[in-house]
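Below is one structure; the comments refer to it alone.
The values are calculated or read from the model by the stated rules, or taken from the named source; none is laboratory data. Small disclaimer: the values here were computed from a predicted structure and weren't measured. All Cβ positions, glycine included, derive from the backbone under ideal geometry; neighbour counts span all protein chains shown.
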C-alpha cells in the first residue's frame, strides 16, 4: 500500500514550501516505525507527487512503443490507455482496476453517489458576487504509461470539495483546502483561467484550473497529459465543475483532533471548519503480459479549520487495511498504522457528515521527518451543508 507513505511525503514537502491542488509524489523507503515490513510502501502516486511524475521508474513510457520492435509502427498500439489500459496492445493486455468492496468506510466517502454534482441545486439567483458556499466535484481516470513494458498504473479518482468564498474587508478569499497553515487565501483573478486550493497537491502538471461561467458556476478545464523521463501520464473521462449552493459564509461545522507521541500532545476541540474534501480513489497496477495486481481502494477525508488541516486516510488492498491521521498547520504531524480505524462511527448523506474514529497502535512521522514507534490519535467532525 504505497499511497500512505506517498501522501505523508506530499504533506511534508508541501509544509516545506510546496503547494497545489492535486497529484502525488514519490515516497522514500519506509523507515517509519511499524511500516518497515510493507514492500508496497516504497513510492506511490497517492496525493502528493506521483511515481509517474518522477519517482517510480516502473511508470516509464508506452510499453507498446518501447520493448517490442515489431509494434513500433503499428498505429493500433497508440490507443488511449487512459481508460484503464491499452485494449489494442496484444502483448500487455492491460485491464482497468477491479472494484473493491470496502471493509471500513469514512462515512459516505466510499460511495460513488457522493461525487454527483447534480444532487445539489445551483443557486443561480445568488449571482451578485462570488461569496457563499460552493461544491466542486471532479471525476477522471489517470493512467501512467511506462516507457518500457513493465508496470502500468491506472487510477479512477473521484473528489468532492465543499468550500467557502467570503468577503474580508473588500478582499475576496477562498477557504484553503490544501496543505499549509493559512485558513483562507486571496481569491485569484477570475477573469482568466485560475486555480483554487481545493485539495493538496505538489505536482504542477496536475493543477486543476477553472473558468468562471457565472457568479454561481465554475467550469473545470481538462487536465492535459504530460511526459517525463520515465513515461507518459494520460487522463480520460474527465468531468470537473463547481456550483454555489448557498450565500452562507459561515463555518460548515466543526472538527476535533488529537495526536500524542514522544512529547507531542495536540488536542484541538470543536474547531470551526470552512472546507471539506472527500476523495475516493481506485488504483490498479499490472505488469505487461501478467495478471493485474489486487486493486487498492483509498479513502481520504480532509477538513480545514483555523488551527490547521485535519486529514483521515484509509486504504484497503486484498482485505488488508491501513489508516492514518494528519494535522498540518505549516508543520505536519502524521501517525499511521497497519490496520483499520477503531471506534469508527459515521452518519452521512449529501448534506451532512458526522464521524469519529481512533488510532490506537500507530507510529508517527513529524516535522523534519522525526519519527516515533508509538503514537495514538483521534478525529471527529460534525458538518452540515447550508
Which of the residues spanning the stretch 127-151 are over 30 Å from residue 233 (Cα atoms) and surrounded by fewer than 19 Cβ atoms within 10 Å (Cβ to Cβ)?
-> 127, 128, 129
For residue 377, work out the one condition from (1) closer than 23 Å to residue 164 by Cβ; (2) over 20 Å from the mean Cα position of the chain (by Cα); (3) buried (at least 22 other Cβ atoms within 10 Å of the Cβ) it doesn't fulfil.
-> (1)
Matching residues in the stretch 284-309 - criterion: being assigned to a strand (DSSP E or B), more than 15 Å from residue 332 (Cα to Cα) and either at pLDDT below 95 or out of contact with any helix residue (DSSP H, G or I) (no Cβ under 6 Å at 6 or more places or on another chain) (or both) | 284, 285, 286, 287, 296, 297, 299, 300, 301
Determine, yes or no, whether residue 374 is under 17 Å from residue 261 (Cα atoms) and out of contact with any helix residue (DSSP H, G or I) (no Cβ under 7 Å at 6 or more places or on another chain).
-> yes
Are any residues in the stretch 140-152 touching a helix residue (DSSP H, G or I) at 6+ places or on another chain (Cβ under 6 Å) and assigned to a strand (DSSP E or B), and if so, which ones?
-> 141, 143, 144, 145, 146, 151
Which residue, of 253, 231, is on the phi > 0 side of the Ramachandran plot, crowded, with 18+ Cβ neighbours inside 10 Å and touching a helix residue (DSSP H, G or I) at 6+ places or on another chain (Cβ under 6 Å)?
-> 231
